[in-house]
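Supplied in structure tokens, the structure appears directly below.
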Amino acid sequence: MLALLALLLVQDERSVPKSHKDHYYGRAEECKKAEALISGNAPSAIATLTIILEDPKVVYRECRLRIELRERSFTEWYDFFPYQFRGRARMTLADAAARGDARERQRAAELYGEAIRDLEASVSRGLKSSKTYLETARAKLRDVTSGGEDPEVAFRRSWEDLVKAGRYSDAREHVRSKGAFLSEEKRREYVQSTERACRDSLVQASLGFAARLEKIASPRDLASRSTADLLREFDLPDPSRQIVEVPEVEWCRSARDALIRTREGGETFRSWLDLAFQALRFSAAEKNPWFPCAERLAFELLRDAVARKAEQAKKAEPRKAKELRSEAEALVVLWREFESKIADAAKADPALARLAPRRETGGLLAGFFADETSVETLLLGLARSAESEDPLRAIADIETRLAELWGMAEVLAPDARRKLLTGRIAAGALRLFLAGATIEEVVREFGALGTLLRQAGGAAGEQAFGARVGRVLERLR
């Protein structure tokens, strides 16, 4: 017991080393003078004590302290109780206001509440002498609020007005500055209610944004809207009034910026891909309106960009046309990488597979003239697909790209057509073999392409794809 008492005494008394003497000595003297002003000049005392309490360099509070001036030479002990002293000063002001009219008594209730908050802070730091002051302040608050209107009624009206106006930061500040007469638990409830109302309003704002974004079916729908129109149509809550963060709303802010850049003709395809992927994390597939909007706009931007490049290529010199085609192919590759990321995410959450439609990209490059080099490059990749980390995905990707080239088959040279048909059958056969199909099943699957292959002159380079594929091509001759 004696050891415990000694420990408590050590906790209530602090010795400030001389390395900190300049700062603490000044604050200790200010605190001492403020105590002397509690009865005669309470406002001045409150102002001084507030400065002390807001000083981040003052670590010790609600304790007796002494300051080392020289080696092992200390000042007298100071009663360094800034919370208690400020609470008492506020009680002095409250006592005077409590003798006035109804408005003054309301002010007294607020001051007693502020005093209670200070004295609670003092008691929580272990200053036992503050308990008596705290009990007195609570009793006086009960007295001043008995009879007349409960001060919480007027307080709550003002708080509700701020919340209804969407001024959540002001509502929280109202609780802090005007709700000091409330218990700590009651103040916490008001703050939590404010945060909850703010969060609910932000969620509703993000849902409304998604509903409006859904009406933008393609980038062409933005042509009739000015930037000012978009800012009005896709208005979002003022962030300076918010006190919580909702990821969906931050996403909406980024989407609004992307809409404006899209409307102004900026390159935003990648931005919408990123926005679509970010939206996956928000909620379950059946409750996620943000992803479909972004995914659809991204795909429409892809189609528009590829179509523009194809038109430019038709009027360009061969070298420039090839560059434009490469740029278009790179955009299609970005889309396929995006779809692969969605597929990977769907492994952990199968609901995402239903959320993301499988877009048909086979005809996107149909506006470009094909050449034999494009076909041979794909056939070489197909022959090496077994070396890929994911052979099935590599084969499926090449099969899709070969199907795209088939849309341009009429402009290919005869030998390139033969190679293209050979590649389509070979890619499909490899895919089916990996799924467990037999040679007979594969032959039946590609009978129609086999007829076209015979008309084109038969298979070309079939030995590059292995014996089983070779037997399929032989059977289809």
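From ALA139, ALA94, ALA89, grab the single residue that is at pLDDT below 95, assigned by TED's automatic domain parsing to the domain that holds GLY26 and surrounded by 14 or more Cβ atoms within 10 Å (Cβ to Cβ).
On the way: ALA139 fails: surrounded by 14 or more Cβ atoms within 10 Å (Cβ to Cβ); ALA89 fails: at pLDDT below 95.
None of the others qualify; the one that does is ALA94.
Ok, one more. Does SER193 satisfy the condition of being small (Gly, Ala, Ser), in a helix (DSSP H, G or I) and within 30 Å of SER146 (Cα to Cα)? First the steps, then the outcome.
Values: small (Gly, Ala, Ser): yes; in a helix (DSSP H, G or I): yes; within 30 Å of SER146 (Cα to Cα): yes.
Yes: the conditions hold for SER193.
Here's a check for you: in the stretch 65-86, which residue that is assigned to a strand (DSSP E or B) and under 48 Å from the mean Cα position of the chain (by Cα) is nearest to LEU111 (Cα to Cα)?
In the first step, residues of the stretch 65-86 are kept if they are assigned to a strand (DSSP E or B); the result is 65-70, 73-74, 78-80.
Among the residues that remain, those that are also under 48 Å from the mean Cα position of the chain (by Cα) are: 65, 80.
On the way: LEU65: 29, PHE80: 22 Å.
Among them, the one singled out is PHE80.
A follow-up question, please. Could you identify the single residue in LEU365, LEU382, LEU331, LEU352 that is hydrophobic (A, V, I, L, M, F, W, C), surrounded by 14 or more Cβ atoms within 10 Å (Cβ to Cβ) and at pLDDT below 75?
Numbers: LEU365 fails: at pLDDT below 75; LEU382 fails: at pLDDT below 75; LEU331 fails: at pLDDT below 75.
LEU352 is the lone residue from the list that is hydrophobic (A, V, I, L, M, F, W, C), surrounded by 14 or more Cβ atoms within 10 Å (Cβ to Cβ) and at pLDDT below 75.
In this structure, is THR400 surrounded by 14 or more Cβ atoms within 10 Å (Cβ to Cβ), at pLDDT below 85, outside any helix (DSSP H, G or I) and of a type in the set (Val, Ile, Thr)? Break it down into steps so the answer makes sense when it comes.
On the way: surrounded by 14 or more Cβ atoms within 10 Å (Cβ to Cβ): yes; at pLDDT below 85: yes; outside any helix (DSSP H, G or I): no; of a type in the set (Val, Ile, Thr): yes.
Criteria not met by THR400.
Still on this structure: Among the residues in the stretch 46-64, are any assigned to a helix (DSSP H, G or I) and small (Gly, Ala, Ser)? Can you show your working first?
The first filter runs over the stretch 46-64 and keeps only residues assigned to a helix (DSSP H, G or I), leaving 46-53.
From what's left, small (Gly, Ala, Ser): 47.
Within the stretch 46-64 (the criterion being assigned to a helix (DSSP H, G or I) and small (Gly, Ala, Ser)), the answer is yes, since at least one residue qualifies.
Follow-up. Report, by residue number, each residue of the stretch 430-477 that is in contact with an Asp or Glu (Cβ under 9 Å, 6 or more places away or on another chain), part of a helix (DSSP H, G or I) and surrounded by fewer than 16 Cβ atoms within 10 Å (Cβ to Cβ).
Scanning the stretch 430-477 gives GLU474, ARG475.
With the requirement that a residue be closer than 28 Å to PRO17 by Cβ and surrounded by 13 or more Cβ atoms within 10 Å (Cβ to Cβ), what does the stretch 30-54 give you?
Correct list: GLU30, CYS31, LYS32, ALA34, GLU35, THR48, LEU49, THR50, ILE51, ILE52, LEU53.
Continuing with the same structure: Go through the stretch 229-249 and give me each residue that's closer than 30 Å to VAL163 by Cβ and either modelled with pLDDT under 90 or in a helix (DSSP H, G or I) (or both).
Just the residues of the stretch 229-249 that are closer than 30 Å to VAL163 by Cβ, to begin with: 230-249.
Of everything in the stretch 229-249, those that are closer than 30 Å to VAL163 by Cβ and either modelled with pLDDT under 90 or in a helix (DSSP H, G or I) (or both) turn out to be LEU230, LEU231, ARG232, GLU233, PRO239, SER240, ARG241, PRO247, GLU248, VAL249.
Please enumerate the residues belonging to the stretch 288-314 that are within 17 Å of the chain's Cα centre (by Cα) and either under 14 Å from ILE342 (Cα atoms) or surrounded by fewer than 21 Cβ atoms within 10 Å (Cβ to Cβ) (or both). Break it down stepwise before answering.
Applying the first criterion (within 17 Å of the chain's Cα centre (by Cα)) to the stretch 288-314 yields 288-291, 294.
Residues satisfying the conditions are ASN288, PRO289, PHE291, ALA294.
If GLU214 passes every condition in (1) surrounded by fewer than 20 Cβ atoms within 10 Å (Cβ to Cβ); (2) over 30 Å from ASP304 (Cα atoms); (3) in contact (Cβ under 8 Å) with a residue 12 or more places away in the chain but one, which one does it miss?
Against the list (1) surrounded by fewer than 20 Cβ atoms within 10 Å (Cβ to Cβ); (2) over 30 Å from ASP304 (Cα atoms); (3) in contact (Cβ under 8 Å) with a residue 12 or more places away in the chain, GLU214 comes up short only on (2).
Taking the stretch 67-86 as the region of interest, how many residues are surrounded by 15 or more Cβ atoms within 10 Å (Cβ to Cβ), touching a Ser or Thr at 6+ places or on another chain (Cβ under 9 Å) and more than 23 Å from VAL123 (Cβ to Cβ)?
The number of residues fulfilling the criteria is 3.
Please give the number of the condition THR132 fails out of (1) more than 41 Å from the chain's Cα centre (by Cα); (2) in a helix (DSSP H, G or I); (3) in contact (Cβ under 8 Å) with a residue 24 or more places away in the chain.
(3)
Please go through the stretch 250-287 and give me each residue that is of a type in the set (Gly, Ala, Ser), within 17 Å of the chain's Cα centre (by Cα) and part of a loop (DSSP other than H, G, I, E, B), ordered by number. Let's see the steps before the verdict.
The first filter runs over the stretch 250-287 and keeps only residues of a type in the set (Gly, Ala, Ser), leaving 254-255, 258, 265-266, 271, 276, 279, 283-285.
Right, trim to within 17 Å of the chain's Cα centre (by Cα) and you get 254-255, 258, 271, 276, 279, 283-284.
SER283, ALA284 - these are the residues of the stretch 250-287 that are of a type in the set (Gly, Ala, Ser), within 17 Å of the chain's Cα centre (by Cα) and part of a loop (DSSP other than H, G, I, E, B).
The values are calculated or read from the model by the stated rules, or taken from the named source; none is laboratory data. Just so it is clear, the model here is predicted, and its values are computed rather than measured. Note: ideal-geometry Cβ built from the backbone for every residue, glycine included; neighbour counts use all protein chains shown.
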